[in-house]
1. I want to make sure I understand the PRE zone here: with the label point 7 angstrom from the Cα of SER491 toward its beta carbon, which residues in segment 550-588 have backbone N atoms less than 17 Å away?
2. How high is the FRET efficiency from GLU99 to LEU592, r the C-beta distance, R0 30 Å, rounded to 0.05?
3. Quick one: with all protein chains in place, what share of the accessible area of the chain is carbon or sulfur, to the nearest percent (1.4 Å probe)?
4. If you count only protein heavy atoms and use a 1.4 Å probe, how large is the accessible surface of SER333, to the nearest 10 Å²?
5. Would you mind getting me the FRET efficiency between SER41 and SER520? Use the beta-carbon distance for r and R0 = 60 Å, nearest 0.05.
6. Rank these by accessible area, largest first, 1.4 Å probe: MET285, MET70, MET320.
7. Just to confirm, what accessible area per residue do you get for the chain at 1.4 Å probe, in whole Å²?
8. With respect to the cross-link table entries LYS521/LYS648; LYS381/LYS648; LYS504/LYS575; LYS59/LYS406; LYS290/LYS504; LYS103/LYS127, which display a Cα-Cα separation exceeding 31 Å?
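The values are calculated or read from the model by the stated rules, or taken from the named source; none is laboratory data. The structure presented is a predicted model; accordingly, all values stated were derived computationally and were not measured. Here Cβ is always computed from backbone atoms with ideal geometry, including for glycine, and neighbour counts include all displayed protein chains. Side chains are part of the model used for accessible areas, which takes the heavy atoms of the whole protein and leaves out ligands, DNA and RNA. Shrake-Rupley method; radii C 1.70, N 1.55, O 1.52, S 1.80 Å.
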Amino acid sequence: MDRYRTIFIGFALASLLFFIAACSNSTKLNQALELAGKNRSELQKVLNHYMKSPIDSLKYRAACFLIENMDAHYSYQSDSWEQLQVELDTLYKNECDREKLTKAYDSIYSRYDLKDVRYLSDLKTVKADFLIRCIDFAFDKWKTSYAEHLNFDQFCEYLLPYRAGNEPLTTWQDIFNEQYIPNLFSSINKSKDSISPIEICEALRICKCAHLFTTPQDVPDYNARLLPSIRLGTCREYCLQSLLAARCIGVPVVLDFTPQWATRSLGHEWNALITKDGKPLSFGMNDECKLGEHVELIPDRIPPKVYRQTFAKQKESLAMICGKEEIPNSLKSPCMKDVTKDYYSTTDLLIKFNFKAPAHNQFAYLAVFNNRDWIPVCWAKIKDDRAVFRDLHKGVLYMPGYYYNKQFIPSSYPVIISDSGNILSIKPNLKKRQSLILKRKYQTSLVDRSCEEMVGGKFQAANNPAFINAVDLFTIKTKPEACFQIVPIKSSRAYKYFRYLSPKHSIGDIAELEVYESNSKIKLSGKIIGTTPVLPEFCHANAFDGDPLTCFRIYSKVNNIWIGLEFDEPKRIAKVVYIPKNDDNCIRDGELYELFYWDNKWVSLGKQTGSSDTYRLIYKDAPTNALFLLRNLTKGTEERIFTYENGKQVWW
């Protein structure tokens, strides 16, 4: 036994000396200690602490990892921000109603200007006791069944980090273990030893009495005392909550993100469980899908690239290799790792630029459209006026360009990578022209389901209130488009009652319903009749109020849902106009529009005013193979780029 003990101690001592030598001679470690300034002594205490015993050799390496990457991490200090969070904590612990939460939230934020917020570098502020405690805690969690399969590098990224975002440094482990973890386990309703990582993550995403809410974008992350109790927050805040909770248990969860959706405004952050085979299983707050399906859950959102927030500075990140060259904010973090390949089948793209980069810049970019501007989402090094962009998500339109003087500068024609990987350059053909029939200014992904649910619906008329022997004036046989639909009616008789009868198993969605007599532009009116709605916000009147953003619906699984009018006397109906539940991005009567196509800049094809005669715009002299953008000059902000293929708008 003593012989084996001697061998073990000798091996451990050799390992310790090796790791000490490796870390002590590390240029990165020495640079970090130099940058720490007066706080160097605190960091040295951590290193010295783990040099005392051979069994702490891995903890010494872990300390080196944290210190070497610490200069990329920070928090903010602010008395007003802290007091604001105290008020929010009280609010969240005493209120669940969304309307009351929102009102109180706005009132709290209005009382603080947060002008005293200041930056605090971890390298200059982290104390030895805090870091040692965090390292020891993480190593204890590494021993659990949830994490024992992780190698050292994986452990360093998934469990070791002492922070989740830029929240103030606190003993978050105690806070979460007291305020969050017990409720999490009790919600699973299984013995603790039998709970799987997937079950934990399924519980993490269930946030009772919690709501997504757009908070001010220029505020720091919530502190760890507030995160367990949030009731209103952005995707990021719920991600930070899940990240710290998972680390408390020892479950390898990461924060992945896209800086900008390819098909709409904004970007997004979400969590992912890293399985034993390295696959990320995405999830988000209150998902109604399986783990791994979160990113595809909402149909209007396609990520052009997926990155992972890391603790380590990524040596291949743009921030680490750009030198003094100006780079876009969307790609500025040194702690972001491209993991697009972990989510999708990807492809590479070679771009030849139309002109040289300004200021002899070394890097070029691909950008996607955020409804107004082009936002860079990936980069590549320029060589001979060309660049190869790696691991791109398919089914996306990209704009190649440079970044200079705080602006993205398009430098070649946009490129579409199809779902199958085919590459198409969108260069307008000014010699070959076409006519465009335009019905909308924004994509339809979020309203397509409501359109589909109207298939099988009928417009009926009758001369008795029970619609006995009702006459079918028109049946919706194909999916209607998400715009006003004009239906000519051929009827020789007059009727006192009219209705829309929704198809079986639908909830009766309809946004607007108008009825006209022959040669009249005046909508028929009458007493509104129909199935009694369950919720007042989806009342009968919504279908006749002239506002496409309101709708009638029944939240109940009942057949024969209907809504209609009782006229003061029988009417001969000649036309029905209706629109499915929608987003009001269709062509509207009396509103002014302007169509543009892209030819190194947006070029106008003229202005037109929408008319209720057709609810369409017709442009007769547009270039082919072009990228278009239709803007509503009267109102609204949602506007989306499109191509025109086979007589239809195709959204990107």
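1. In segment 550-588, the label zone of SER491 (backbone N under 17 Å from the point 7 Å along Cα→Cβ) covers 562-579.
2. The value I calculate is 0.30.
3. That fraction is 50 percent.
4. 50
5. After rounding to 0.05, the efficiency reads 0.10.
6. My answer, sorted largest first, is MET320, MET285, MET70.
7. Result: 48 Å² per residue.
8. From LYS521/LYS648; LYS381/LYS648; LYS504/LYS575; LYS59/LYS406; LYS290/LYS504; LYS103/LYS127, over 31 Å: LYS381/LYS648; LYS59/LYS406; LYS103/LYS127.
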